[in-house]
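Before any comments, here is the structure.
The values are calculated or read from the model by the stated rules, or taken from the named source; none is laboratory data. Keep in mind it's a predicted model, so treat the numbers as computed, not measured. Counting neighbours? That spans all protein chains shown, and the Cβs are built from the backbone with ideal geometry, glycine included. Just so you know, the surface numbers come from the protein's heavy atoms only, side chains and all, with ligands and any DNA or RNA stripped out. Shrake-Rupley method; radii C 1.70, N 1.55, O 1.52, S 1.80 Å.
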Amino acid sequence: MTTAHEAFLSQFDDERKPLVEALLQAVKEECPYLTEIIKWNAPSFCDQDKDRLTLMLHKPDRVGLILHTGARPKEDKNAPHLYEDRTGLLEWNSNIRAIITFVDLAGFIAKRALFMQAVSQWIDETKTL
């Protein structure tokens, strides 16, 4: 059976496809219990029916992974971040939303372990939100 992400990738004709595939594979390896969906016309992951991770594909020169807490929590750009990022990869957009961005596959491969740590920490830290 084809997953939502596999179906999306079969139609994704873009030079960034190897990077997208690598990001998705790393998330699946680190958090195999997450549910794969397509949301906002991009591969996304849910934890217990709550949106947590969504690929950002609208900028043609990069791929981002948006780390979020679903639609309900109110964001505050002036409040402290949800937690201290131990990886140095997160670019905080608000207290409860961040992004990790890569411009090429080589850059991702060099930071893959840190990326997986960041994803795992995000899922752990947002379980109660």
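A few points about this structure:
- Every residue from the stretch 2-56 that is on the phi < 0 side of the Ramachandran plot, assigned to a loop (DSSP other than H, G, I, E, B) and open to solvent by 20 Å² or more (accessible area, probe 1.4 Å): 2, 3, 12, 13, 14, 15, 16, 32, 33
- Selection from the stretch 57-72 of residues that are under 14 Å from residue 98 (Cα atoms), in contact (Cβ under 8 Å) with a residue 40 or more places away in the chain and assigned to a loop (DSSP other than H, G, I, E, B): 69, 70
- When the criteria are applied in full, residue 91 fails the requirement of being open to solvent by 70 Å² or more (accessible area, probe 1.4 Å), touching an Asp or Glu at 6+ places or on another chain (Cβ under 9 Å), among the charged types (D, E, K, R) and free of Cβ contacts under 8 Å to residues at least 24 places away in the same chain.
- Restricting attention to the stretch 100-128 and to residues that are open to solvent by 20 Å² or more (accessible area, probe 1.4 Å) and either under 16 Å from residue 56 (Cβ atoms) or in contact with a Leu (Cβ under 8 Å, 6 or more places away or on another chain) (or both), the residue that is modelled with the lowest pLDDT turns out to be 125.
- Annotation note: of 62, 97, the sole residue that is modelled with pLDDT of 95 or more and either touching a Lys or Arg at 6+ places or on another chain (Cβ under 8 Å) or basic (Lys, Arg) (or both) is 62.
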